[in-house]
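Read the structure below first, then the notes.
The values are calculated or read from the model by the stated rules, or taken from the named source; none is laboratory data. Only a predicted model underlies this, so the values are computations on that prediction, with no experimental measurement involved. When we count neighbours, we look across all protein chains shown, and the Cβ atoms used for this are built from the backbone with ideal geometry, even at glycine.
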Amino acid sequence: MLKLDRQSGPFWLDLVPGVRVEVEPVSVASMLIAREAVAAILAPGDEAEVDDADPREVNARASVALVRALCRRGIRQWEGVGDADGNPVAVSPETVDMLLDVWPVYDALDGLYVTPALRRGAEKNASASSLAGISAAAPRTAPPAA
């Protein structure tokens with residue numbers, strides 16, 4: 001069953017001790033922009049680059065591109081994030097990228113923000129069609145093609 005329980009407004013996520021971010025729910029527009037970032041990794045202009053690359057590395061870069069794109073658009077504000085001197089820094093695409101370079105933070109945002117949005121998109125209706133194109137519980141309405 002598809003559950004229509006999307007958050008209606010921004011919400012806070014605790015990432016690591018002392019660091020939390022306020023994020024917008026992942027929107028259709030954000031997901032489409034993130035898909036473009038993934039497509040740029042998976043289908044760059046130079047085909048030789050893709051052919052020679054380790055598929056695991058390409059998949060990892062695509063995953064990072066998806067998380068970065070969604071976080072750049074979704075993070076509104078944060079607490080506990082500062083520069084090298086400990087001064088608070090404003091949210092910007094550059095500072096979001098710097099934040100995501102910290103592995104525990106990246107992992108937390110991926111698990112708490114991105115993955116739930118992807119799972120919501122993957123939820124299926126209980127009456128989804130079978131691989132043969134018919135519902136398992138319903139009879140065929142037309143004879144099979146000859």
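Looking at the structure I just gave you, is V91 at pLDDT below 95 and either part of a helix (DSSP H, G or I) or more than 16 Å from G18 (Cβ to Cβ) (or both)? Spelling it out, it is not the case that V91 is at pLDDT below 95 and either part of a helix (DSSP H, G or I) or more than 16 Å from G18 (Cβ to Cβ) (or both). Scanning the stretch 81-121 for residues that are within 15 Å of the chain's Cα centre (by Cα) and β-branched (V, I, T) yields a total of 4. Residue count for the stretch 62-82 under the criterion of being within 16 Å of I41 (Cβ to Cβ) and outside any helix (DSSP H, G or I): the result is 0. Filtered by the rule that a residue be under 13 Å from the mean Cα position of the chain (by Cα) and either part of a helix (DSSP H, G or I) or modelled with pLDDT of 95 or more (or both), the stretch 26-59 gives V28, A29, S30, M31, L32, I33, A34, R35, E36, A37, V38. Only residues that are polar (S, T, N, Q) and in contact (Cβ under 8 Å) with a residue 24 or more places away in the chain were counted in the stretch 64-107, giving 1.
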